[in-house]
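> Shown below is the structure under consideration.
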Amino acid sequence: MSETTDERIRRLHAQGIVDLHFDLLMDLYEKRNSPGLLVSHYLPEFEAGDIGVIGAAIYIEDRYLPEMALRVGLDQIARLYAEVGQSDRFAICKSHEEILRARKSGKIAVLITMEGVEPLGTDRDLLRVFYELGVRVIGLTHARRNAAGDGGVFAATGSSCEGLTAFGRDIVRECEALGVIVDLAHISPKGFEDILSITTKPVIVSHSNARKYYDIERNISDEQIKMVGQRHGVIGINAVLVSPRKEEATLDRYVDHIEHVRDLIGVDSVGIGFDFFEFLYRQWPEAEQRELAAKFTKPHFIPDLTNHSHARNLTRKLIERGFSDEEIEKILYKNWMRVFEELLHEQK
């Protein structure tokens, strides 16, 4: 008997999808007076989408800068530990081996990431503190400038030409020494080049898209894509910045980004970094939504890919577009797991 598409999707999802960027910690912190959110709200979506590993990002909103950046960063981690401690369905993991153990026992592995090093201020020693707490992926910047460097602007040109600061260079070196994956998402084009000139190991872009379809410097050019491929890194395709036009914010255009990266550097360097945040965006007052559009860009969400429960829609579309089982497995989890195996080792 031939396999149905639904059966094929279940088989392809059996190992669990890896999504390396989700603003989970910010939401847990803001709703800290309503504990249990991880299980009550997020777990059903993770289970519906067969999520196996989630990259949970520390991100500090502008209103907390600069004085409260460290405190809020630590509090976000504290909320995650508290929430995970109330459930047997999650495990905070610090190494490839811990991720494998979590998955074998049926748990969703949580990998703590940092989006912008504002919590470090200008103190390199704090990186060790966050490492001990479980941070294993660090992107130096969001869109704004910080002590490490500048982010790429949400426009075709205009990013800073300065590159990384001396502090930023020190952080990159320390990440490699500790065993923290360096994430090039959001960094300015010059900062992108600087990171590659300093590092020797594979680098990643946890959540970004091809400038071919959305030409802003926050996304990555064909040359940048090729640089990541040459380093045997992985690029996580982002579900928000797929097109500047609402009518083109579709699942097909999302897969266009996947195909473009695959065609440039091979399927071994394509992963998932959904960056779902429509649920947060819809909670904001209209004034905050307008402020986001003015500061960055107006997000156009893909109707059938807005949260983790929709992950099967992506796999169905990959099947429709002719991707093989081997390619789909690499995109959904194997490529990220390869990077974890190479870079995230048990602490001695």
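> Looking at the range 313-326, which of its residues are open to solvent by 40 Å² or more (accessible area, probe 1.4 Å) and either in a helix (DSSP H, G or I) or not charged (D, E, K, R) (or both)?
Across the range 313-326, the qualifying residues are N313, R316, E320, G322, S324, D325, E326.
> Still on this structure, I have one more. Would you mind stating whether Y254 is in contact (Cβ under 8 Å) with a residue 60 or more places away in the chain, open to solvent by less than 20 Å² (accessible area, probe 1.4 Å) and in a helix (DSSP H, G or I)?
yes
> Moving on to the next point. Can you name the residue in the range 327-348 that is under 14 Å from V18 (Cα atoms) and aliphatic (A, V, I, L, M) and is also surrounded by the most Cβ atoms within 10 Å (Cβ to Cβ) among such residues?
The selected residue is I331.
> Name the single residue, out of those in the range 267-312 being open to solvent by less than 20 Å² (accessible area, probe 1.4 Å) and of a type in the set (A, V, I, L, M), that is nearest to L25 (Cα to Cα).
My answer is L280.
> With the checklist (1) in a loop (DSSP other than H, G, I, E, B); (2) on the phi < 0 side of the Ramachandran plot; (3) modelled with pLDDT of 95 or more; (4) not charged (D, E, K, R) in hand, flag the one item Q347 doesn't pass.
Just one mismatch for Q347, condition (3).
> A follow-up question, please. How many residues, within the range 282-312, are in a helix (DSSP H, G or I), without any contact (Cβ under 8 Å) to a residue 40 or more places away in the chain and closer than 25 Å to D183 by Cα?
The qualifying residues number 2.
> Out of A91, A14, A82, A78, I need the residue that is within 25 Å of L344 (Cα to Cα) and either among the aromatic types (F, W, Y) or in contact with a strand residue (DSSP E or B) (Cβ under 9 Å, 6 or more places away or on another chain) (or both). Which one?
A91
> Would you check which residues across the range 132-145 are closer than 20 Å to R173 by Cβ and open to solvent by less than 20 Å² (accessible area, probe 1.4 Å) and list them?
V135, R136, V137, I138, G139, L140, T141
> Pick from G134, G121, G163: which is in contact with a Ser or Thr (Cβ under 9 Å, 6 or more places away or on another chain) and of a type outside the set (D, E)?
After applying the criteria, what remains is G163.
> Tell me which residues, restricted to the range 146-161, are farther than 27 Å from S243 by Cβ and either touching a residue at least 60 places away in the same chain (Cβ under 8 Å) or under 21 Å from the mean Cα position of the chain (by Cα) (or both).
N146, A148, G149
> Those residues that are more than 18 Å from H207 (Cβ to Cβ), of a type in the set (S, T, N, Q) and under 21 Å from the mean Cα position of the chain (by Cα), I need them from the range 284-312; list them, please.
Within the range 284-312, just S309 meets the criteria.
> Filter the range 5-60 for residues that are assigned to a helix (DSSP H, G or I) and β-branched (V, I, T); which is surrounded by the fewest Cβ atoms within 10 Å (Cβ to Cβ)?
T5
> How many residues are open to solvent by 30 Å² or more (accessible area, probe 1.4 Å), in contact with a strand residue (DSSP E or B) (Cβ under 8 Å, 6 or more places away or on another chain) and assigned to a helix (DSSP H, G or I) when one looks only at the range 102-130?
So the answer is 1.
> Hey, among the residues in the range 223-239 that are open to solvent by less than 10 Å² (accessible area, probe 1.4 Å), out of contact with any His (no Cβ under 6 Å at 6 or more places or on another chain) and not in a strand (DSSP E or B), which one's farthest from E193 (Cα to Cα)?
Taking the candidates together, the pick is A239.
> Does S188 count as among the polar types (S, T, N, Q) and either surrounded by 17 or more Cβ atoms within 10 Å (Cβ to Cβ) or closer than 17 Å to H21 by Cβ (or both)?
Considered against the rule, which asks whether it is among the polar types (S, T, N, Q) and either surrounded by 17 or more Cβ atoms within 10 Å (Cβ to Cβ) or closer than 17 Å to H21 by Cβ (or both), S188 comes out as yes.
> Further question on the same structure: If you scan the range 139-193, which residues turn out to be part of a helix (DSSP H, G or I), closer than 23 Å to D215 by Cα and small (G, A, S)?
Hit for the range 139-193 is G191, nothing else.
> Here's something else I'd like to know. With (1) in contact with a helix residue (DSSP H, G or I) (Cβ under 6 Å, 6 or more places away or on another chain); (2) closer than 23 Å to E132 by Cα; (3) not aromatic (F, W, Y) as the list, and G49 as the residue in question, which single condition is left unmet?
(2)
The values are calculated or read from the model by the stated rules, or taken from the named source; none is laboratory data. Computed from a prediction, not measured in an experiment: that's the story for all the values here. Counting neighbours? That spans all protein chains shown, and the Cβs are built from the backbone with ideal geometry, glycine included. Ligands, DNA and RNA are excluded from the accessible area calculation, which covers all protein heavy atoms including side chains. Shrake-Rupley method; radii C 1.70, N 1.55, O 1.52, S 1.80 Å.
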